[in-house]
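Comments concern the structure below.
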Amino acid sequence: MSADVAVEGGGPERRPAAAPAGFAAAAARGSVWTTSQVIVNKLVTVAVGVALSYILSEADYGLASFAANLSVFAFVLPTFVMGDVLLADGKRFDRVAGAANGVMWAAAVAMFAVVAAAALPIERLLDRQGLALLVVVAGTRPLADAVLAVANARLRMDLAYKRMAILDGAVTLATTVAAIGLALGGAGAIALTLPPIAALAGRGVLYWQSIRGRVPLRIEREEVRPIARRFAVAGVGQYLHNIVGSLEVVVLGLLTNEVELGLYVFAATYAFQSNSIIATQLASVLQPIFVHIHDDAQRQVSAFLRATRLLSSVAVPLCLIQAAIAVPAITLVFSEKWRGSIAPFAALSIAQTFLFVCAPSIALLKAQGRFRAYFFWQFGQMVGSVLLFVFATKYGAEHALALAAAVGLPAEANAGKALAMSLASIVSWGISCPVAVWLGGRRADLGVRATLRVFMEPWIVTVPVAAALVAAWIGLRGAVSGPWADGLAIGVLAPVAAVVSIAGCIVLRRDTREDFLRVVERVRRRRK
């Protein structure tokens with residue numbers, strides 16, 4: 001057992017202390033399947049995104065994201081949370097699935113109706129041409145989630161990650177490529193809004209086909225009220241989390257124009273890629289594992305820490321190296337119109353080194369059934385973030401640009417508010433995510449020092465490597481032409497720096513080395 005977690009007294013029924021390592025390794029193995037398909041699809045997504053960046057305008061990106069994030073405010077009971085409720089009550093899954101499905105669909109239809117009715121008034125109030133249609137499309141998100149949620153929960157309970165990875169990969173690949181067709185056909189911002197929602201619905205259809213007949217959907221009337229209450233409590237907490245995640249785009253969208261918002265959204269889209277590959281997939285794997293050891297808080301938290309440290313040994317180096325190559329990456333790959341997104345991209349990449357832990361921490365709180373703690377944590381972050389983001393956007397642009405210039409990043413006047421928001425994002429998540437880890441670990445007496453180590457150790461290893469990478473790129477710029485220097489930095493220096501940083505993070509802790517070697521051994525055996 002990790003020394004970071006205090007040992008509780010227990011009787012002879014307790015499992016050996018080493019057991020959490022097995023759950024950490026199981027989490028990592030399950031994440032290999034989900035992460036592998038996401039990596040393949042992210043490569044396609046990046047390629048498609050590059051093409052879209054030449055077809056669509058900054059305003060298209062800004063308006064599409066503004067509509068999607070604005071509609072989140074109407075999704076008071078996020079539909080997919082019903083899957084979390086079912087996982088938390090996994091032993092009664094078959095009995096409550098029908099009631100859960102009925103309650104979920106009623107909520108989904110009601111929320112879509114509200115968004116659709118409000119779309120045109122919102123467009124007229126904000127005077128944003130084309131916003132109404134985008135809001136209606138974004139409003140179908142609860143319906144798509146409703147198709148997916150119950151079947152997804154069943155497969156996660158079964159730990160059927162290989163099957164899910166194959167289905168997810170096929171659907172995501174198809175809808176991502178379809179975005180190009182929409183863009184070329186003149187769909188504009190719709191090409192950014194519709195495909196992700198279609199992917200959710202498509203995954204749901206395939207999931208239901210794969211578990212045909214295994215989920216009883218008969219509604220047990222006595223289960224409707226209890227499941228509705230749990231859904232309401234869990235949903236409100238998730239609602240606040242979704243609002244927190246949308247605040248940056250909504251605040252910036254209200255206080256600046258579509259072009260500057262588009263620069264921010266473009267930066268965020270690519271800055272979040274590493275986190276979405278690893279953290280989100282890890283969370284989906286961890287939650288059902290945590291449910292299986294629900295009655296042993298010590299093992300839950302220890303498994304969480306080990307799995308998170310193992311994955312953070314990859315996620316944090318990737319995000320920091322990503323920030324280090326912001327200038328060559330965007331300059332070489334994208335057109336000049338996106339130059340203003342370079343500094344926000346670097347800042348948001350740094351924010352991801354904290355945000356990585358958010359999804360696994362939420363998975364732990366949900367598996368523990370601590371939806372009230374989840375609610376109060378997100379409520380606190382929401383209030384603090386609103387004040388911080390409004391202040392940063394209104395008064396921080398000039399200071400943000402001065403800071404960018406001081407560290408050698410392009411200081412584009414048309415992206416000052418976007419950069420100020422990106423820096424505020426670092427502060428918001430840099431405070432909130434350690435609090436989330438500490439909250440999840442309270443049942444096992446996780447201390448502040450152990451909490452901070454989750455974040456500090458990968459930084460200590462990676463920052464010197466990232467600095468050396470930047471210095472090497474600057475040296476190359478003086479020796480060869482700009483495009484060649486940028487290409488070598490992206491294709492050679494950055495991968496080497498990432499590997500060195502990841503290896504250093506893994507070597508730093510014995511338990512992380514052990515978990516990594518277990519995963520490697522499993523992969524080696526499967527190949528044989």
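Figures for the structure shown
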read-out: Neighbours by Cβ (under 7 Å, 6+ apart or cross-chain): first from region 503-528, more than 10 Å from Arg309 (Cα to Cα); second modelled with pLDDT under 80 and of a type outside the set (Phe, Trp, Tyr); value: Glu514/Ala21; Arg518/Ala25; Val519/Ala25; Val519/Ala28; Val519/Arg29; Val519/Val32; Arg522/Arg29
read-out: Candidate set from region 197-242 (those that are touching a Ser or Thr at 6+ places or on another chain (Cβ under 7 Å) and not β-branched (Val, Ile, Thr)); member that is farthest from Phe379 (Cα to Cα); value: Gly202
read-out: Extreme residue, surrounded by the most Cβ atoms within 10 Å (Cβ to Cβ), among residues of region 110-124 that are in contact (Cβ under 8 Å) with a residue 12 or more places away in the chain and over 16 Å from Val76 (Cα atoms); value: Ala119
read-out: Test result for Ala198, touching a helix residue (DSSP H, G or I) at 6+ places or on another chain (Cβ under 6 Å) and either surrounded by fewer than 20 Cβ atoms within 10 Å (Cβ to Cβ) or modelled with pLDDT of 90 or more (or both); value: yes
read-out: Hey, Gly213 more than 18 Å from Leu148 (Cα to Cα) and surrounded by fewer than 21 Cβ atoms within 10 Å (Cβ to Cβ) or not; value: no
read-out: Qualifying residue in region 364-385 (condition: free of Cβ contacts under 8 Å to residues at least 60 places away in the same chain, part of a helix (DSSP H, G or I) and closer than 15 Å to Glu260 by Cα); value: no
read-out: Evaluation of Asp295 against (1) in the same structural domain as Gly340 (by TED's automatic domain parsing); (2) at pLDDT below 85; (3) in a helix (DSSP H, G or I) (one fails), failing number; value: (3)
read-out: Some residue of region 448-459 being among the hydroxyl-bearing types (Ser, Thr, Tyr), in contact with a Pro (Cβ under 7 Å, 6 or more places away or on another chain), within 22 Å of Ala303 (Cα to Cα) and surrounded by 15 or more Cβ atoms within 10 Å (Cβ to Cβ); value: yes
read-out: Enumeration of residues in region 145-190 that are among the small types (Gly, Ala, Ser) and either in contact with a Leu (Cβ under 6 Å, 6 or more places away or on another chain) or outside the structural domain of Val76 (by TED's automatic domain parsing) (or both); value: Ala153, Ala183, Ala189
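For every residue, the table says whether it meets (1) modelled with pLDDT under 85; (2) assigned to a helix (DSSP H, G or I); (3) within 23 Å of the chain's Cα centre (by Cα).
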{"position": "Cys433", "(1), (2), (3)": "no, yes, yes"}
{"position": "Phe455", "(1), (2), (3)": "no, yes, yes"}
{"position": "Pro458", "(1), (2), (3)": "no, yes, yes"}
{"position": "Gly491", "(1), (2), (3)": "no, yes, no"}
{"position": "Val496", "(1), (2), (3)": "no, yes, no"}
{"position": "Glu514", "(1), (2), (3)": "yes, yes, no"}
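Residue-wise test of (1) in a helix (DSSP H, G or I); (2) in contact with a strand residue (DSSP E or B) (Cβ under 6 Å, 6 or more places away or on another chain); (3) at pLDDT below 90.
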| site | (1), (2), (3) |
| --- | --- |
| Val5 | no, no, yes |
| Phe23 | yes, no, yes |
| Gly30 | yes, no, yes |
| Thr34 | yes, no, yes |
| Gln37 | yes, no, yes |
| Lys42 | yes, no, yes |
| Ala68 | yes, no, no |
| Leu87 | yes, no, yes |
| Asn101 | yes, no, no |
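The values are calculated or read from the model by the stated rules, or taken from the named source; none is laboratory data. Fair warning: this is a prediction, and the values are worked out from it, not measured in the lab. As a convention, Cβ positions derive from the backbone with ideal geometry for all residues, glycine included, and neighbour counts pool all protein chains shown.
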